[in-house]
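Undergrad: My questions will all concern the structure given below.
The values are calculated or read from the model by the stated rules, or taken from the named source; none is laboratory data. Every value quoted in this text rests on a predicted model; they were computed, and no experiment measured them. So basically every Cβ, Gly included, is an ideal-geometry build from the backbone, and we count neighbours across all protein chains shown. These accessible areas exclude ligands, DNA and RNA; they are computed on the full protein's heavy atoms, side chains included. Shrake-Rupley method; radii C 1.70, N 1.55, O 1.52, S 1.80 Å.
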Amino acid sequence: MRWKVTASAAAASITARHFIERGYRKIADVGAQLDTDLCAAQRLEGFSSVLAEAGVSLHRETDQDLPRTRETGQVLTQRLLDRNQPVDAIYCLNDSIAAGCLSYLYSRDFRIPDDVAVAGFNGTSRDYAVRTNLTTQDVDRREIGRCAANLIVDQNALRNPVDLVPDKLVVGTTT
């Protein structure tokens, strides 16, 4: 059996290219607890590398002590905008933080995506979208769960080759 895993840096580079193709040049990253999550750090590296290659700088608003919640998305987006940092697109660590980011932007009468585009990661927003459909990386959680369960049952399977499965960018109404 071959195991499939997501390549975090490659997944985030898809969103970075999407932002660039849409003409966004004042891009920010909003996230939390990056020091404790190797995959999130790899996504940020992949995202920022693509931007750097295109000559686009990345503004970061992160907090190691805040949880990865909707409320954190609100707090970090407010901090970002309070610094008067002009942004036209925000990449969020996950869909929960992106939901908080959108909530804050809507409360300040930003037009999404006309004033600021927002994208998340993990595809969980599709299950609870109300006002808008978030652009996000759709991570195949069912396949990840299946592979994890098989690894628990057959730990020898770790010796098998691994296929990297790129996440699918689901373009919503936020970019």
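Undergrad: To the nearest 0.05, what FRET efficiency results for Asp109 and Arg83 with a Förster distance of 25 Å applied to their C-beta separation? Working shown, then result.
TA: Values: r = 19 Å, r/R0 = 0.77.
Taking R0 as 25 Å, the efficiency between Asp109 and Arg83 is 0.85.
Undergrad: Starting at the first residue of region 55-66, write each ³J(HN,Hα) from the Karplus equation 6.51 cos²θ - 1.76 cosθ + 1.60 with θ = phi - 60°, in whole Hz, x for Gly and Pro.
TA: x, 10, 7, 10, 9, 10, 10, 10, 8, 5, 8, 8
Undergrad: Once the whole set of protein chains is in place, how much accessible area is left on Leu58, using a 1.4 Å probe, in Å² to the nearest 10?
TA: Rounded to the nearest 10, the figure is 40 Å².
Undergrad: Under the rule of at least 5 residues apart or a separate chain, name every residue whose amide H is placed under 5 Å from the amide H of Ala117.
TA: Amide H neighbours of Ala117, under 5 Å, 5+ apart: Ala89, Ile90.
Undergrad: Same structure again: Name the long-range amide H neighbours of Gly172: under 5 Å, sequence gap of 5 or more, or other chain; modelled H, no Pro or chain starts.
TA: Thr135, Thr136
Undergrad: Still on this structure: How far, in nm, would the chain grow between Asp65 and Lys26 when pulled straight, counting 0.36 nm per residue and subtracting the alpha carbon separation?
TA: Gain in length upon complete extension: 11.5 nm.
Undergrad: 7 Å from Cα along Cα→Cβ at both Ala52 and Lys168: what's the point-to-point distance in nm?
TA: Taking the simple label geometry, Ala52 and Lys168 are separated by 3.2 nm.
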